[in-house]
Amino acid sequence: MRDSIKKAISETVQDLIDSGFTTSFTEKELNSLGVTIPDVHLTTCQIKEIRETLNVSQPVFAKLLNVSPSSIRQWEQGKRQPTGATRVLLELLKQSPHILDYRLNA
């Protein structure tokens, strides 16, 4: 594949991922194109802001995320960082605070 075509494809796929579009590329294919999936970085203040935006207490927030209240406390105090899927879920909540509203409706 010519370098100019590979670069154009790489930039297009990277733009799709950065914009939140779902792609069906494998990790190997993305790596071969030089496409990266950005890491999720959240500060303690951002985690607290997400919870406060939802207007819930730490125990309720913990229940929504299916983690312990102790984890929420430690994240907000900077003693620990969320990991894995929870980190991604927090990023989604930051962008769309109402995505878990269905869990609050009985």
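The values are calculated or read from the model by the stated rules, or taken from the named source; none is laboratory data. These numbers were taken from a predicted model, which means no experiment stands behind them. Every residue, glycine as well, gets a Cβ built from its backbone with ideal geometry; the counts of neighbours run over all protein chains shown.
Numbers below:
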read-out: Filter result for Thr53 (closer than 22 Å to Asp101 by Cα and either in a helix (DSSP H, G or I) or assigned by TED's automatic domain parsing to the domain that holds Ile99 (or both)); value: yes
read-out: Selected residue (criterion: surrounded by the most Cβ atoms within 10 Å (Cβ to Cβ)) from residues of the stretch 69-88 that are within 19 Å of the chain's Cα centre (by Cα) and among the small types (Gly, Ala, Ser); value: Ser71
read-out: Residues that are surrounded by 13 or more Cβ atoms within 10 Å (Cβ to Cβ) and more than 22 Å from Glu91 (Cα to Cα), drawn from the stretch 10-21; value: Ser10, Glu11
read-out: Residue list for the stretch 22-35, filter: surrounded by fewer than 16 Cβ atoms within 10 Å (Cβ to Cβ) and either more than 15 Å from the chain's Cα centre (by Cα) or not in a loop (DSSP other than H, G, I, E, B) (or both); value: Thr23, Ser24, Phe25, Thr26, Glu27, Lys28, Glu29, Asn31, Ser32, Gly34
